[in-house]
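Here the structure comes first, spelled out in structure tokens, and everything after it is commentary.
The values are calculated or read from the model by the stated rules, or taken from the named source; none is laboratory data. Note that the structure is predicted; figures quoted are calculated from it, not measured. For neighbour counting, all protein chains shown are included, and Cβ atoms are generated from backbone atoms with ideal geometry for every residue, glycine included.
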Amino acid sequence: MKRHKNFKAFTESQAKDLLEKYGVIDRLVQGNQKEISANYSDLAHLYLVVRERKPFSILEFGSGFSTIVMAYALKQNWDEYHAIAASPQYEKPSIVSIETTDVWKDNTHNKIKLADLSDFSKITFSKVHIAEYQGQVCHFYDELPDVVPDFVYLDGPDPMNVEGSIHGISYKNPTRTVMSGDILKYESTLLPGFFMVVDGRTNNARFLQRMLKRPYEVQYHTDPDITTFELTEDRLGKKNIYGYEAYSGKK
């Protein structure tokens, strides 16, 4: 399966024009005053990859403008499929995002409502704690959504929200890089065709590349500093359908 491999560098102007062309910009409402401004280049990549791959279930670590963009792309995918399928065979696609603070959870929730995307998006809350995995320091959310994602966007948590310490090591040290291990808990039940985007967090991406056990095509895109993982195993059988095939309207 070869879908959207070209994470080329957009200028902010080019990316904004693309998002405006497809009706995304109007939904990117600024929320909390402390919220980081939208990075149009990153958002354009996310929009394109979700539109092309057409995932059924997105799991996002963190939330924000990215949640709006991916939920809107899912809505467009669904609307197009619904228009050509007299009797839809598949459930409505969705994105579940995990937040570590009520402030940012509520911020994204309110923006989702304003964008009229509540049918496609859900925000959950979980604390995150430092942990060891095979003797190496990382961190895990306490509660994970009960989903089988075919698409993951890894852009959280903030390392300063990671609680606890191990042998004196903690994430209160500002030079310690994030090291999410959560996808490792999902790996055994992921389906062929799974795709993950790691935004920045290159040290974390390299950790996951070492620790994941199944075969992946891993690509590091220097500019815009994105690492992608695609599970390359053969299909499990006829029911292992990729989203872009399902939404073609063909059985």
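Summary of computed values
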item	result
Residue list for region 1-21, filter: among the small types (Gly, Ala, Ser) and either modelled with pLDDT of 90 or more or in contact with a Lys or Arg (Cβ under 8 Å, 6 or more places away or on another chain) (or both)	13, 15
Number of the condition not met by residue 97 [criteria: (1) touching a residue at least 40 places away in the same chain (Cβ under 8 Å); (2) small (Gly, Ala, Ser); (3) closer than 24 Å to residue 141 by Cα; (4) not in a helix (DSSP H, G or I)]	(1)
Some residue of region 232-247 being touching an Asp or Glu at 6+ places or on another chain (Cβ under 7 Å), farther than 23 Å from residue 134 by Cβ and either assigned to a strand (DSSP E or B) or free of Cβ contacts under 8 Å to residues at least 40 places away in the same chain (or both)	no
Some residue of region 212-225 being in contact with a helix residue (DSSP H, G or I) (Cβ under 9 Å, 6 or more places away or on another chain), over 20 Å from residue 78 (Cβ atoms), of a type in the set (A, V, I, L, M, F, W, C) and not in a helix (DSSP H, G or I)	yes
Unique match (being under 16 Å from the mean Cα position of the chain (by Cα), closer than 28 Å to residue 9 by Cβ and in contact (Cβ under 8 Å) with a residue 12 or more places away in the chain) among 149, 159	149
Hits in region 77-94 (condition: part of a loop (DSSP other than H, G, I, E, B) and under 16 Å from the mean Cα position of the chain (by Cα))	93
Hits in region 24-40 (condition: in a loop (DSSP other than H, G, I, E, B) and either free of Cβ contacts under 8 Å to residues at least 40 places away in the same chain or among the hydrophobic types (A, V, I, L, M, F, W, C) (or both))	24, 28, 29, 30, 33, 34, 36, 37, 38, 39
Which numbered condition residue 116 fails, given (1) outside any helix (DSSP H, G or I); (2) over 24 Å from residue 208 (Cβ atoms); (3) in contact with a strand residue (DSSP E or B) (Cβ under 6 Å, 6 or more places away or on another chain)	(3)
Flag for residue 115 being farther than 17 Å from residue 65 by Cβ, of a type in the set (Gly, Ala, Ser) and either more than 16 Å from the chain's Cα centre (by Cα) or surrounded by fewer than 20 Cβ atoms within 10 Å (Cβ to Cβ) (or both)	no
